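Each value in this text was obtained by applying a stated rule to the coordinates, not by laboratory testing. Note that the structure is predicted; figures quoted are calculated from it, not measured. Ideal geometry is used to build each Cβ from the backbone, glycine not excepted, and the neighbour counts take in all protein chains shown.
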Amino acid sequence: MTTRCGFIAVIGAPNAGKSTLINQMVGSKVTIVSPKVQTTRTQVRGIALHENSQIIFVDTPGIFVPKKRLERAMVAAAWAGNDEADMVVLVVDASAKGRAKEETAAIIDRLVQSGDKRPCFLVLNKVDCIAPEKLLKSAQELNDRFPFQATFMVSALKGKGTDDILNTLAAAVPEGPFLFPEDQSGDMPMRFMAAEITREKLYHRLHQELPYSLAVETENWEQFDNGSIKISQIVYVSREAHKPIVLGKGGQTIKAVGQMARKELEDIMGVQVHLKLFVKVHENWADDPERYEHMGLDFRA
Ligand code: GDP
Ligand code: MG
């Protein structure tokens, strides 16, 4: 049997639906998703097995003009993920206007300038929120700017059209042995995934600048003889004033977040989970090299 295997970088503006698309194609949750920009902070791999091909998706943070150190490190991680892959998938929110459109244009400019010869596929996402005429117009405009190998129009959320992408990529990745065991779908250590899941729930619960100014780390992971797991995590906030907001009135917010995260972890691992969350103020966590190491980001990017 001839097998194929390759790395596909999934890049695009923040919120285009990159992580949703990868989870859909992999068939399980390997990377977290939220309605807010900058949810994905580092490179995450999601592995799909399709026919005789292993397609290793590299999820990346959204690409935009970074201002802060953390943003710089995130965008650097996105381009690094892009550079290492055999092929590139550019995800565009077809329903987006304004800033997201400019961000996509800037990404395409960079692809053009870099003289990249690798196959690059265009995915117009969120077709469930846009009229067909507009969609065709965007497809045309984007193909005028860059010679995409193929264009797909999909709804990552609804799983519409995503099989076409898989079929195409499965045939396009180079011949070679599988690089991961056949039953592996992600590469994130469970400790890290557990922290990401809590961060995802916080993103859904909190608003304005708060999600962007927090980090979650798994501090302790203890497995008992009966199989149950006790996990403790620290939620770092960057300001004293943020702590009561994250805790919520009578601790309601953090309790709800903890319950949602625990439930998801139990579903994934199939064992009972005790999850303890501690909120800690660390004003300069976004300037602390150790936090970057935890997130797999380059502090000096
Ligand atoms: P990323 O920042 O590019 O990784 O985007 P996410 O995957 O985190 O998705 C950002 C938001 O867009 C989330 O609220 C998703 O539920 C939503 N989203 C993703 N794909 C679709 C889609 O096909 N249709 C709609 N309506 N929403 C989507
Ligand atoms: Mg993402």
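Rounded to the nearest 10 degrees, the angle from helix 69-84 to the longest Cα principal axis of the chain is 40 degrees. Based on the alpha-carbon gyration tensor of region 209-301 and its eigenvalue square roots a ≥ b ≥ c, which shape applies: rounded if a/c is under 1.5, prolate if not and a/b is larger than b/c, or oblate? Note, shape of region 209-301 comes out oblate. For GLU200, the shell of other residues with beta-carbons less than 12 Å away shows a net charge of +4, using +1 for Lys and Arg and -1 for Asp and Glu.
Close amide H contacts of HIS50 (hydrogens built in the peptide plane, cut-off under 5 Å, sequence separation of 5 or more or a different chain): ILE55. With respect to the cross-link table entries LYS158/LYS263; LYS137/LYS160; LYS29/LYS137; LYS29/LYS249; LYS97/LYS160, which display a Cα-Cα separation exceeding 27 Å? In this structure, LYS29/LYS137; LYS29/LYS249 lie more than 27 Å apart at Cα.
On a 0 to 90 degree scale, rounded to 10, what angle separates helix 190-205 from the longest Cα axis of the chain? Result, in degrees: 90.
Where a ≥ b ≥ c are the square roots of the eigenvalues of the C-alpha gyration tensor, would you call region 78-177 rounded, which needs a/c under 1.5, or, failing that, prolate if a/b is larger than b/c, or oblate? Oblate shape, in that a/c is at least 1.5 and b/c is the bigger or equal ratio. Of the GluC sites (Glu not before Pro) found in region 1-97, those that fall in a DSSP loop while having at most 12 other beta-carbon atoms within 10 Å are GLU51.
Converting phi to 3J(HN,Hα) with the Karplus coefficients 6.51, -1.76 and 1.60 and the offset θ = phi - 60°, region 239-254 yields 9, 3, 5, 7, 4, x, 6, 5, 5, x, 4, x, x, 5, 5, 5 Hz in sequence order, with x at every glycine or proline. The relative contact order of the chain, computed from alpha carbon pairs under 8 Å that lie at least 6 residues apart in sequence, is 20 percent. The DSSP beta bridges internal to the chain are antiparallel in roughly 40% of cases. Loop-located GluC sites (Glu not before Pro) in region 124-175 (DSSP state not H, G, I, E or B) with no more than 16 neighbouring Cβ atoms inside 10 Å do not occur. Amide H contacts under 5 Å for ARG239: HIS282, restricted to partners 5 or more places along the chain or on a different chain, H placed in the peptide plane at 1.01 Å from N.
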